[in-house]
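The values are calculated or read from the model by the stated rules, or taken from the named source; none is laboratory data. This one's a predicted model, so the numbers in the text were calculated from it and none came from an experiment. Note that we place each Cβ from the backbone using ideal geometry, even for glycine, and neighbour counts take in every protein chain shown. When the accessible area is computed, the model is the full protein with side chains, heavy atoms only, and any ligands, DNA or RNA have been set aside. Shrake-Rupley method; radii C 1.70, N 1.55, O 1.52, S 1.80 Å.
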2 protein chains.
Amino acid sequence: MDLWFTEEQTPLLTIGLKVRKVLEYRQTGYQELAVLETEQYGRMLVLDGCIQTTEVDEPSYHEMLVHVPMATHPNPRRVAVVGGGDGGSIREMLKHPSVEEAVLIEIDAGVVEAAKRWLPSLSSGLEDKRVQIVHTDGKEYMAKVAQGELPPFDVVVVDSTDPVKAATGLFSEAFYQTVRQALNPDGILVAQTESPWVNQDLVTGTYQAMARTFPLARLYLSVVPTYPGGLWCFALGSLGPDPLEPQGKPPQGPCKYYTPELHKAAFVLPAFVQELIGG
Amino acid sequence: MDLWFTEEQTPLLTIGLKVRKVLEYRQTGYQELAVLETEQYGRMLVLDGCIQTTEVDEPSYHEMLVHVPMATHPNPRRVAVVGGGDGGSIREMLKHPSVEEAVLIEIDAGVVEAAKRWLPSLSSGLEDKRVQIVHTDGKEYMAKVAQGELPPFDVVVVDSTDPVKAATGLFSEAFYQTVRQALNPDGILVAQTESPWVNQDLVTGTYQAMARTFPLARLYLSVVPTYPGGLWCFALGSLGPDPLEPQGKPPQGPCKYYTPELHKAAFVLPAFVQELIGG
């Protein structure tokens, strides 16, 4: 059988992947979830028709999303992932021995279940005793932290879907302000903010919101071939350390993408990206 | 009409682009040539079904292919492009005032004609009086230079199609050795060498061939979203200056992608790419 998955990355652009097997396909309470076995990029998680992660290319996303803030912070002990139900971000956070508590705030329990079943290389850390999994809205959870009902964080990463449905609010200045109040002194927030090739307004808007919210804001890049545009942005806001002068330690575990040298090089932006954020 | 172009980037992976208009479609003496007007990435040149260049994303390819060697060389006066009939590489070379002669060695006159007609933003430099266009095989031309029948070059860039048909030999160690003999002292060769996500053996092989041929070889990266894998490799061989310590001047003209800072950052490789080249 010649079976292909196609994603409409924009109304004008598609990616297609040959599929060996549909491992899971169902409607959760929040979205349409599929796990597909592709021949090019290994197993792949798809939510509402959009590729979330593949076994082959996920390191360039998860390692850069997580290790940049974690190596920047001098001593990240209590950390959080908003979204990220596949477990890839938690797995990377646990490579930092300073971590005492890692909270995964994933609204959709179906994603975590599917990752545990089909994506063990991503979800391996979810059973770790330092990890707490909460199935609730990230905005509501962070509001409780900001109000002092729950203890604050040293590092928060927003590992969200594209800005649609429940994730829309995660790209807002209001949410960044809430997270700022949910951070300890020296705390750091990083959010994935899409591609400068196909989503320029979003890159500009989220960076500017981050810059209005935090005393220090910076944009950095990675490359994720299954995401639209490939070149991928991360907006970082810091209450303390500058990621260009990391105060912490690199991850204590093997990495496929991140290196301490790449940590710094990722902030050197192509001219058109610099222009997008007013540089 | 809902018209789509689809490229089989590998037998397991496709890219699709909505097409507004087919501007040209014909068989040249060498290949099937199409110029399509896409809505996502502007006008696009397609050879034998493979995307060669689009108006929107071409700067990340041409500027990085050309300015890295041109800013590294202390005084590039006589330069060559092998392939590159769209003119994008020549346009970038002419941003260096030291250039006295720029030779475009493009086997297929049909590509140059199509670029002049449909892609003026790329082909604008081809009428410049410093430019000489030669429609012959790049290997044969460089062999003549190597044998002293034609004057040598300071910088040669290989702006080829994928390693199929006439371009196959351009990815060989024999060709690199010929170019080495076609260079002046301090001369530099750069070749595009595909993506480390989908063409790992080629990345390793071409880099090793470059390293055996030149006293100094380095690999650097850019990101081209319409190319398979997005992340794109360039193998550089130098008889003199190290690209990490550029001895020349940056381009004298506006760039959309290249900056002197990015020139250096492009050599900082992700862990898995470093591993591919034995680092």
- Which of B:THR53, B:LEU13, B:GLY42, positive extreme of dipole for region B:4-54 (C-beta unit charges): B:GLY42
- Message: At 222 nm, what value in deg cm²/dmol follows for chain B if DSSP H runs of at least 4 each add -39500 (n - 2.57) and the sum is divided by all its residues, to the nearest 500?
- Response: -8000 deg cm²/dmol
- Got a number for carbon plus sulfur as a percent of region B:4-54's accessible area, 1.4 Å probe? 46 percent
- Where is the GNM fluctuation largest for chain B (alpha-carbon springs, 10 angstrom cutoff): B:PRO97, B:PRO228, B:PRO246? B:PRO97
- For region A:58-276, what class follows from the C-alpha gyration tensor (a ≥ b ≥ c being the square roots of its eigenvalues): rounded when a/c is under 1.5, otherwise prolate if a/b is larger than b/c, else oblate? rounded
- Message: Quick check: residue separation of B:GLU8 and B:ARG117 times 0.36 nm, minus the Cα distance between them. What number comes out in nm?
- Response: 36.6 nm
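Would you mind getting me the FRET efficiency between A:GLN208 and B:LEU239? Use the beta-carbon distance for r and R0 = 45 Å, nearest 0.05.
Values: r = 47 Å, r/R0 = 1.03.
After rounding to 0.05, the efficiency reads 0.45.
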- What percent do you get for the relative contact order of region B:58-276 when only Cα pairs under 8 Å and 6+ apart count? 25 percent
- Residues A:GLN177 and A:GLU149, FRET efficiency given R0 of 30 Å [Cβ-Cβ distance, rounded to 0.05]: 0.95
- Could you name the lysines whose alpha carbon sits less than 21 Å from that of A:LYS116, not counting residues in the same chain fewer than 8 places away? A:LYS21, A:LYS95, A:LYS129
- Note on the structure: Residue separation between B:ARG77 and B:ASP48 times 0.36 nm, minus their alpha-carbon distance, gives in nm 7.0 nm
- Query: Where a Cα-Cα gap under 20 Å defines reach, which lysines qualify for A:LYS139, not counting those fewer than 8 residues away within the same chain?
  - Reply: A:LYS165
- Note on the structure: Of every Cα-Cα pair in region A:1-144, the percentage lying beyond 20 Å is 50 percent
- Task: Please give the FRET efficiency for B:ASP137 paired with B:GLU24, using the beta carbon to beta carbon distance and R0 = 35 Å, rounded to the nearest 0.05.
- Result: 0.90
- Between chains B and A, what is the buried accessible area summed over both chains (1.4 Å probe, protein heavy atoms, nearest 100 Å²)? 2900 Å²
- Mean separation of Cα contacts under 8 Å (6+ apart) over length of region A:4-54, as relative contact order %: 27 percent
